[in-house]
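Written below as structure tokens is the structure these notes are about.
Computed from the coordinates by the stated procedures, all read-outs in this text should not be read as laboratory data. Everything numeric here is computed off the predicted structure, so don't read it as measured data. Note that each Cβ is placed from the backbone with ideal geometry, even for glycine, and that neighbours are counted across all protein chains shown.
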Amino acid sequence: MKTYHGARTIDGLVVTVDGQALDPHYEVQRFTKFGFEWSYEGESPRQLALAILVDHLADRERAMRVAEPFMRDVVANLDNDWKLTSKEIDEAIRKIEPG
């Protein structure tokens with residue numbers, strides 16, 4: 001099970017997966033040139049949603065399909081410092097794509 005973590009630090013935003021920097025996966029889709037953000041709806045939170053989903057699902061097409069609702073339902077509601085587990089991501093995806 002993977003763990004994703006985000007934090008606002010004195011040096012800026014840090015997003016990791018299992019302690020390693022999370023790839024923004026610009027090769028799949030580039031929504032922003034400003035990197036990741038969270039706690040609101042927009043282009044940078046959408047980039048974070050996509051990056052998490054591409055890493056978690058290992059399925060670029062499915063990640064693109066669920067990135068927008070995942071951004072609205074999950075990423076836009078994250079606190080300044082947050083943690084998401086694979087299990088929590090799977091639960092959120094099940095709500096987006098039931099069945």
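Per-structure values
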| quantity | calculated |
| --- | --- |
| Scan of segment 18-60 for residues that are within 17 Å of ASP79 (Cα to Cα) and touching a helix residue (DSSP H, G or I) at 6+ places or on another chain (Cβ under 8 Å), ordered by number | PHE36, GLU37, TRP38, SER39, TYR40, GLU41, PRO45, ARG46, LEU48, ALA49, ILE52 |
| Tally, over segment 12-51, of residues that are small (Gly, Ala, Ser), within 17 Å of ARG65 (Cβ to Cβ) and touching a Leu at 6+ places or on another chain (Cβ under 9 Å) | 1 |
